[in-house]
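What follows is a set of notes on a single structure, which appears directly below.
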Amino acid sequence: MSDNAYTPKSKFGKWFNDRLPLLSLANHLTDYPTPKNLNYWWTFGGILTFCLITQIVTGLVLAMHYIAHADMAFDSVEHIMRDVNYGWLIRYIHANGASMFFLAVYIHIFRSLFYGSYKAPREIIWIIGIIIYLLMMAAAFMGYVLPWGQMSFWGATVITNLFSAIPLVGEGIVTWLWGGYSVDNPTLTRFFTLHYLIPFLILGLVVLHIWALHVPGNNNPVGIDIKKPSKDTVPFHPYIVIKDGFALLMFMIVFAFFVFYTPNILGHADNYIEADPLVTPAHIVPEWYLLPFYAILRSVPDKLLGVVAMLSAIFILAALPWLDTSKIRSAVFRPLYRQFYWILVADVLILGYVGAMPAEGLYLLIARIATAYYFLHFLIVLPVLGYKEKTLPIPLSITEPVLGGSPNLVAARNKESFNK
Amino acid sequence: MSEKKTNRRDFLFTATYAVGAVGVGATIWPMIDQMNPDASVKALASTEVDISSVTPGKTITVLWRGKPVFIRRRTREEIVQAKSVKMEELKDPEKDEDRAKNPEWLVMLGVCTHLGCVPLNDKGDYNGWFCPCHGSHYDTSGRIRKGPAPTNMEIPKYEFVNTNTIKIG
């Protein structure tokens, strides 16, 4: 790596850096060689960092006004909305920020799926990413409980009851999670504590995620290993910083649209009714970003197996680097995988849609087919495809297809095979 | 190094780890157990309910340990319906006599055994309860008949203190 040769220019800088090499770290981060063909799908890592910091900052501010008590939580949220200076803005940023965070993380994950970024030597980056994703879901779920509305209460009841499906110890675990015999004040206070803790765990994991990324370096749209630094790379600063910054601005426009124009469209009206343990809302629906997994849960008629299927749907992702047997990373050179990839995208969107609909009739049938296909994709299609698929020839470097006469990869490839 | 010396050191290491493990366990347990129901929650373990105003075909819902309890004064038809069901038809076979001490009164936790929602009265395919969350149907004895719930609605510990009062818990 280039920072090995780095020495600070000033005398004080050198003195400091010899004792704590922060300047070497800063130099590594600015000079970090990045593939020069990264497209805008690669900007979501930076966007996600922005989302995390936004949630932490707005969350800290909200915690100054929020009261974690079953009798006062709902009123304290209304107090934030009506009395606290700019409280409405901060809360709307925090609430919509969760949705924006998940929007970005899903794009980030599907980018990885398309370009094979999870494959060797980047398995650890991928697995840390899955752990972050799990923690995000936990944080989002517990955060949704805090306003103590009807959806908060009943969402908490349904989700914690998932643990009761565990044979023998299930009921004991649920009582332990609740700190009582139902979701109540002890549940609220511990959820608040954990909701406060998790973002900092995520922050730590993000550092590991980036550290693990900087060992092999970024994957890229062509998906080949490149020499670093070389003609195929550019320094992170200013090239990637500017590109990430521009993408972030575009993202913030979408974010601001939700915050200022439709701040409640992603929430549920029921959550503006205070929690009532005697009345269950007619439709309990989780937040949009959890709907595909909710659809999988409901598509299985057995309680325990439903929970197992839902959890497997998430954990199967951790095994993805070993389930995908293809040596070629990028879908650009995998004509069959590219089609299965889009089928998977459609499948997950369908699951999300039926997850929001009542679990009966045609919706249930669709949910079952989509659930079956989801597992089929990872357990059958990917392993078999690696052996059966006839992949396209990959270029030797990022620069090659360009120097081959055309910036278009496909055209350059055709020309190449024609020359042979 | 002689073999005997190595053994002695191994023993000391193992003994130290063992004592250390017990110490860590003893320290962690209070951290885990503090999350279990505390004394004030357990103290609310029983509640007395006046049922004198409940007419046949009516259900009252009371809160016990933070959970709704249904107290239904069943009509004659409902009792007949509950008793006439064959055990083979049930997912979680249980006689109506074992669920209602006094056939006129059904006292049970109003909590769906699937994922904990509160089922609705006088709804569903079996004239009993219907859970709107994931579509479980219960009969007039609160037994699961159709849907994802694995077991019948739970019967709490209760007793008739006198003809007008039920003590739950």
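Counting only helical runs of four or more DSSP H residues, what would the 222 nm mean residue ellipticity of chain B come to if each run contributes -39,500 (n - 2.57) and the total is spread over all its residues?
After summing the helix terms and dividing by the residues of chain B, the value is -9000 deg cm²/dmol.
What's the Kirkwood radius of the range A:87-204 in Å, using all Cα pairs?
Its Kirkwood hydrodynamic radius stands at 16.1 Å.
Please list, by residue number, every one of the trypsin sites (Lys or Arg not before Pro) in the range A:310-397 that is coil in DSSP and has at most 10 other beta-carbon atoms within 10 Å.
Numbers: sites: A:LYS327, A:ARG329, A:ARG338, A:ARG368, A:LYS388, A:LYS390; in loops: A:LYS327, A:ARG329, A:LYS390.
Qualifying residues, ordered by number: A:LYS390.
Under a 5 Å amide H to amide H cut-off, with H placed in plane at 1.01 Å, what residues pair with A:GLY149 once short-range neighbours are removed?
The answer is A:ALA275.
Relative contact order, percent, of chain B when contacts are C-alpha pairs under 8 Å separated by at least 6 residues?
19
Scan chain B and report its longest stretch carrying no trypsin sites (Lys or Arg not before Pro) that are both in a DSSP loop and have at most 10 other Cβ atoms within 10 Å.
Between exposed loop sites, the widest span is B:1-85.
Give me A:ILE284, B:ILE60 sorted ascending by neighbouring Cβ count inside 10 Å, so fewest comes first.
Exposure proxy ranking, most exposed first: B:ILE60, A:ILE284.
Cα centroids of the range A:311-368 and the range A:241-292: how far apart, whole angstrom?
23
Work out the FRET efficiency for B:LYS167 and B:SER53 from their Cβ-Cβ distance, taking R0 = 22 Å, and round it to the nearest 0.05.
Efficiency computed from Cβ-Cβ geometry: 0.80.
State to the nearest 20 debye the size of the charge dipole of the protein assembly as shown about its Cα centre, where the only charges are +1 on K and R beta carbons and -1 on D and E beta carbons.
So the dipole magnitude of the protein assembly as shown works out to roughly 2140 debye.
Which one, A:ASN271, A:TRP41, A:VAL259, is farthest towards the positive end of the dipole of the range A:40-284 when Lys and Arg carry +1 and Asp and Glu -1 on their Cβ?
Checked the options; the winner is A:TRP41.
Which cross-chain or sequence-distant (5 or more) residues have an amide H under 5 Å from the amide H of B:THR165, H modelled 1.01 Å from N in plane?
B:ILE51
Quick test of your reading: applying the under-4.7 Å Cβ rule, which cysteines of the protein assembly as shown are isolated?
When partners are defined as cysteine Cβ atoms under 4.7 Å apart, the protein assembly as shown leaves A:CYS51 without one.
Would you list which lysines come within 24 Å of A:LYS11, measuring only between C-alpha atoms, while excluding same-chain residues fewer than 8 positions from it?
Straight-distance partners of A:LYS11: none at all.
At q = 0.09, 0.16, 0.19, 0.20 Å⁻¹, what base-10 log of I(q)/I(0) does the Debye formula yield for the range B:7-132 when every alpha carbon is treated as an equal point scatterer in vacuo?
-0.47, -0.92, -1.16, -1.23
Can you give the alpha-carbon Rg of the protein assembly as shown over 2.2 N^0.38 Å, where N counts its residues?
1.19
Which number comes out as Rg/Rh for the range A:291-389 once both Rg and the Kirkwood Rh are worked out on C-alpha atoms?
Values: Rg = 14.3 Å, Rh = 14.0 Å.
That ratio equals 1.02.
What does the structure give for B:112-125 when I average, per residue, the other chain Cβ atoms found within 10 Å of the residue Cβ?
Details: counts 4, 3, 6, 15, 13, 8, 8, 1, 3, 0, 0, 0, 0, 0.
So the per-residue partner count for this stretch is 4.
Shielding by partners for A:151-158, please: the mean number of other protein chain Cβ atoms within 10 Å of each residue's Cβ.
Working: counts 0, 0, 0, 5, 0, 1, 8, 7.
The per-residue average across the peptide is 3.
Compare the peptides A:150-156, A:12-18, A:186-192 by average per-residue count of other Cβ atoms within 10 angstrom and give them in order, highest first.
So the peptides A:150-156, A:12-18, A:186-192, ranked by packing, come out A:150-156, A:186-192, A:12-18.
What are the principal axis extents of the Cα atoms in the range B:3-71, in Å, biggest first?
Taking max minus min along each principal axis of the Cα atoms, the range B:3-71 gives 86, 22, 12 Å.
Past the 19 Å Cα-Cα mark, which pairs from A:LYS14/A:LYS227; B:LYS95/B:LYS146; B:LYS86/B:LYS123; A:LYS119/A:LYS231; A:LYS119/A:LYS243?
A:LYS14/A:LYS227; B:LYS86/B:LYS123; A:LYS119/A:LYS231; A:LYS119/A:LYS243
Computed from the coordinates by the stated procedures, all read-outs in this text should not be read as laboratory data. What you see is a predicted model, and the numbers here were worked out from it, not measured in a lab. Please note: Cβ atoms are built from the backbone with ideal geometry, for glycine as well, and neighbour counts cover all protein chains shown.
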